[in-house]
Amino acid sequence: MAMGDKIDNKAEELKGKTKEGVGKATDDKSLEAEGRGDQASSKIKQAGEKVKDAAKDVLGK
């Protein structure tokens, strides 16, 4: 996984956690759901990068 992508994905995940927390604290269900969505999106991207890395390792050997 490229370091820049890894950092971007982690930042998106943390942003999502923050949104979710603020949404819970302010009883804003929309913001809370948006935060959960950001986290899910980030985790999917991270999984995709891991698959790419694994494929490179297999094809490179």
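The values are calculated or read from the model by the stated rules, or taken from the named source; none is laboratory data. Here the structure is a predicted model, which is why all the values come from computation and not from measurement. With ideal geometry, Cβ positions are generated from the backbone for all residues, glycine too; neighbour counts draw on all protein chains shown.
Structural remarks
- Test result for Asp5, modelled with pLDDT under 90, in contact with a helix residue (DSSP H, G or I) (Cβ under 7 Å, 6 or more places away or on another chain) and in a helix (DSSP H, G or I): yes
- Yes/no for Ala55 being part of a helix (DSSP H, G or I), loosely packed, with under 11 Cβ neighbours inside 10 Å and out of contact with any Pro (no Cβ under 8 Å at 6 or more places or on another chain): yes
- With respect to the stated conditions, Lys15 fails to be among the basic types (Lys, Arg) and loosely packed, with under 14 Cβ neighbours inside 10 Å.
- Restricted to segment 38-52, and to residues there that are out of contact with any Gly (no Cβ under 6 Å at 6 or more places or on another chain) and among the charged types (D, E, K, R), the residue that is surrounded by the fewest Cβ atoms within 10 Å (Cβ to Cβ) is Lys50.
- Considering segment 20-47, and only residues there that are part of a helix (DSSP H, G or I), over 13 Å from the mean Cα position of the chain (by Cα) and among the charged types (D, E, K, R), the residue that is nearest to Asp57 (Cα to Cα) turns out to be Glu20.
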